[in-house]
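The values are calculated or read from the model by the stated rules, or taken from the named source; none is laboratory data. Note that the coordinates shown come from a computational prediction; the quantities given were computed from them, not determined experimentally. Here Cβ is always computed from backbone atoms with ideal geometry, including for glycine, and neighbour counts include all displayed protein chains.
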Amino acid sequence: MNPRLLRTTGYYALACALLIAALFFWVDRPVDLAASGLKGGVLYQAAQTICLAADHDLFNLALFAALLYCGAAALGRGLTPGLRLCLYCCLAVALTMVIGETLKWFFGRYRPEMFFTQGLYGFSFFADKGSLHSFPSGHTMRIFSAATALSMVWPRARAWLLGFAGLVGVGRVIVTRHYPSDVVAGVFVGVFCALWVWQIMLAWKQEKESASLMTKPS
């Protein structure tokens, strides 16, 4: 386990928790009320379009196709460096989605439309309904996990990838599907899932290389 990454995760978790608490009490409701006035406008429609990039079904399909390709290619020519990187991206996003769905179920946060129509705000823990799955934002988790994983593979594109992911996160607030605090939580989960999967795979690779060197005849 990487002590530096562990400390960084802890610091950012604490910072995000404090920010989420502040947003929950003082920012979320007024921001989403303001965003509701944009419905039907150009900005609202643009946000809807951008958010399609992190659609749940699209990611499921992409993951299935990528894992199928990795498996077939690995059988043919072994686990090449390129396939390892593809597998890394898939595992990072898959882990994010599993953790994200678990958190959504655990917290059971009311979506903004329930605040608009019924005055419901806050959490209803262990909820199965999609209308109670606002926290954290699934679109934000998925896109930030994918962007972080791809930026580890392709560092030169990091700013563009994370910038686009940020647009998706903002878009989820504009279309009033999430509160700002949901997006902040989604960013944290997506980014750190990708970083931890990278660290685990890197450690596994180094351990494998060390074992290979030790078994070579002198």
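Here is a yes/no grid of residues against (1) of a type in the set (Asp, Glu); (2) in contact with a helix residue (DSSP H, G or I) (Cβ under 7 Å, 6 or more places away or on another chain); (3) over 30 Å from ALA203 (Cβ atoms):
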residue	(1), (2), (3)
MET1	no, no, no
TYR11	no, no, no
ALA21	no, no, yes
LEU43	no, yes, yes
ASP57	yes, no, yes
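LYS129 falls short on exactly one of the conditions (1) over 25 Å from PRO30 (Cβ atoms); (2) touching a Phe, Trp or Tyr at 6+ places or on another chain (Cβ under 9 Å); (3) surrounded by fewer than 17 Cβ atoms within 10 Å (Cβ to Cβ); (4) not polar (S, T, N, Q), and that condition is (2).
Residues of the stretch 107-122 that are within 12 Å of SER134 (Cα to Cα) and among the aliphatic types (A, V, I, L, M): MET114 alone.
Residues are listed down the side, and each one gets a yes or a no for (1) under 29 Å from ASP128 (Cα atoms); (2) in contact with a Pro (Cβ under 7 Å, 6 or more places away or on another chain); (3) surrounded by 12 or more Cβ atoms within 10 Å (Cβ to Cβ):
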position: THR9; (1), (2), (3): yes, no, yes
position: SER36; (1), (2), (3): yes, no, yes
position: CYS51; (1), (2), (3): yes, no, yes
position: ALA65; (1), (2), (3): yes, no, no
position: ALA72; (1), (2), (3): no, no, no
position: TYR88; (1), (2), (3): no, no, yes
position: TRP105; (1), (2), (3): yes, no, yes
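Every listed requirement among (1) over 15 Å from the mean Cα position of the chain (by Cα); (2) under 23 Å from MET152 (Cβ atoms); (3) modelled with pLDDT of 95 or more is met by GLY100 save one, (1).
Could you list, in sequence order, all residues of the stretch 107-126 that are within 13 Å of ARG29 (Cβ to Cβ), surrounded by fewer than 17 Cβ atoms within 10 Å (Cβ to Cβ) and among the hydroxyl-bearing types (Ser, Thr, Tyr)? The one that is within 13 Å of ARG29 (Cβ to Cβ), surrounded by fewer than 17 Cβ atoms within 10 Å (Cβ to Cβ) and among the hydroxyl-bearing types (Ser, Thr, Tyr): TYR121. If only residues of the stretch 1-46 that are part of a helix (DSSP H, G or I) and charged (D, E, K, R) are counted, the one that is farthest from GLY169 (Cα to Cα) is ARG4. Report whether or not LEU61 is more than 25 Å from the chain's Cα centre (by Cα), hydrophobic (A, V, I, L, M, F, W, C) and loosely packed, with under 14 Cβ neighbours inside 10 Å. It is false that LEU61 is more than 25 Å from the chain's Cα centre (by Cα), hydrophobic (A, V, I, L, M, F, W, C) and loosely packed, with under 14 Cβ neighbours inside 10 Å.
Taking LEU95, is it under 17 Å from the mean Cα position of the chain (by Cα) and crowded, with 17+ Cβ neighbours inside 10 Å?
yes
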